[in-house]
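Trainee: Sharing a structure below in C-alpha cells format, with a few things to ask.
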Amino acid sequence: QLSLRLSRAASYVEPGDRLADIGSDHAYLPCALASNNHITFAIAGEVVEGPFQAAKNQVRRLGLTDQINVRLGDGLEVVSPEDDVTAITICGMGGSLIASILDNGFKKGHLTGKERLILQPNVGERTLREWLVDHEYTITAEEIIEENNKIYEMMVAVKDPLLKQTVTESYLMFGFHLKEEHSAIFKKKWQKELEKNRYILDSLTHSSADQTTKIQKIQAEIQKIEEVLK
Ligand code: SAM
C-alpha cells in the first residue's frame with residue numbers, strides 16, 4: 001500500500017510507461033506499479049548502498065526482478081538511451097537536489113527531453129520550477145496534498161513547444177495550477193508561510209544591526225503571499 005504522496009505521484013505514470021524512479025529507496029513506487037501490471041519495465045535508481053540493497057530485496061521479495069532493474073548510481077546516470085524511458089519520477093527530496101539531478105542528467109545526455117517528469121519536492125519548489133522553465137519544460141499538472149501533518153507539492157512537466165505557458169513571478173512562486181485551483185491545503189500552506197515571514201520580519205525589525213535589505217525582501221515576500229490569499 002503506497003502512501004498518499006507516492007500514490008498521487010504514481011497516478012501520473014501512464015499504462016505501458018517505461019519508468020525510471022530516481023532515489024527509489026525501497027522501490028515502493030515502481031513495485032506498486034509493476035505489481036498491478038500498470039507498467040512492465042522500470043529502473044529503480046539509488047546512489048546510497050543501504051537503500052539500493054533495500055530496493056533489491058523488495059523487488060526480489062515481490063517476484064518483480066523481470067520487470068524492475070535496481071541500479072546503483074548517481075541520479076540519471078543509471079539511465080541509458082537504450083532503456084527508452086518514457087517517464088521519470090523523482091520524489092521525496094528537496095527541489096534543489098531534484099533540479100541538480102535533472103541538470104546533471106541533461107548535461108550528460110541522460111535526459112533526452114522526451115520523458116514525462118513527475119517530481120515531488122519536499123521543499124524548494126520554486127528552484128525546481130525555475131530549472132524546468134529555464135529548460136523549456138511546461139508544467140502540465142500540479143498537486144498539493146497533506147499527509148501526516150506535512151504538506152507536499154508535486155508537478156508533472158513535459159517538453160513540448162506547442163504547450164507554451166506564460167511564466168510570471170506567481171507561476172514560479174505558487175505554481176500556476178495550484179494558484180488557479182486555490183485549494184484549502186494551498187491556503188493552509190501559504191497562511192503558514194505568511195506567519196513564518198511575519199515572525200522573521202518582526203525579529204529583523206527588532207535587531208540592532210542594519211537589516212534594511214533583508215527587511216525589504218521579506219516585506220515583498222509577505223505582500224505577494226497576502227495578495228495570493230486574498
Ligand atoms: N523516492 C522515495 C520516496 O519518495 O519515498 C524515497 C525518498 S528518500 C527521502 C530520498 C532517496 O533519494 C534516498 O534513498 C537517497 O539515497 C536517494 N538519493 C539522494 N540523492 C540521490 C542521487 N543523486 N541519485 C540517486 N538517489 C539519490
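Trainee: So Thr138 passes all but one of these: (1) within 16 Å of the ligand (Cβ to nearest atom); (2) crowded, with 18+ Cβ neighbours inside 10 Å. Which condition number does it fail?
Mentor: With respect to (1) within 16 Å of the ligand (Cβ to nearest atom); (2) crowded, with 18+ Cβ neighbours inside 10 Å, Thr138 is out only on (1).
Trainee: Do any residues in the range 26-50 that are away from the ligand (no atom under 16 Å from the Cβ) have Cβ atoms under 9 Å from those of residues that are part of a helix (DSSP H, G or I) and of a type in the set (Gly, Ala, Ser), where the two are at least six apart or on different chains, and which pairs are they?
Mentor: These pairs meet every condition: His38/Ala10; His38/Ala32; Thr40/Ala34; Phe41/Ala34.
Trainee: If a residue must be under 16 Å from Ala9 (Cβ atoms) and in a loop (DSSP other than H, G, I, E, B), how many such residues does the range 149-181 contain?
Mentor: Going residue by residue through the range 149-181, those that are under 16 Å from Ala9 (Cβ atoms) are 150-158, 175, 177-178.
When the remaining residues are screened for being in a loop (DSSP other than H, G, I, E, B), the result is 175.
Residues flagged as under 16 Å from Ala9 (Cβ atoms) and in a loop (DSSP other than H, G, I, E, B) within the range 149-181 amount to 1.
Trainee: Search the range 117-134 for residues that are closer than 21 Å to Leu4 by Cβ and pair each with any residue that is among the charged types (D, E, K, R) when their beta-carbon atoms are under 7 Å apart and the residues are at least 6 apart or on different chains.
Mentor: Gln120/Arg5; Pro121/Glu153; Glu125/Glu153
Trainee: From Asn104, Asn57, grab the single residue that is part of a helix (DSSP H, G or I), in contact with a Gly (Cβ under 6 Å, 6 or more places away or on another chain) and surrounded by fewer than 23 Cβ atoms within 10 Å (Cβ to Cβ).
Mentor: Asn104
Trainee: Within the range 75-101, take every residue that is among the hydroxyl-bearing types (Ser, Thr, Tyr) and either part of a strand (DSSP E or B) or closer than 11 Å to Pro121 by Cβ (or both) and give me the one that is farthest from the ligand (Cβ to nearest atom).
Mentor: Ser96
Trainee: Quick one: is Glu82 within 25 Å of Ile151 (Cα to Cα) and of a type outside the set (Phe, Trp, Tyr)?
Mentor: Numbers: within 25 Å of Ile151 (Cα to Cα): no; of a type outside the set (Phe, Trp, Tyr): yes.
In short, no.
Trainee: Working carefully through the options Glu143, Glu130, find the one that is out of contact with any Gly (no Cβ under 6 Å at 6 or more places or on another chain) and in a strand (DSSP E or B).
Mentor: Glu143
A short reminder: the numbers here are calculations on the coordinates, not readings from a lab. These figures come from a predicted structure and were not determined experimentally. No Cβ is skipped: glycine too gets one built from the backbone with ideal geometry, and neighbour counts run over all protein chains shown.
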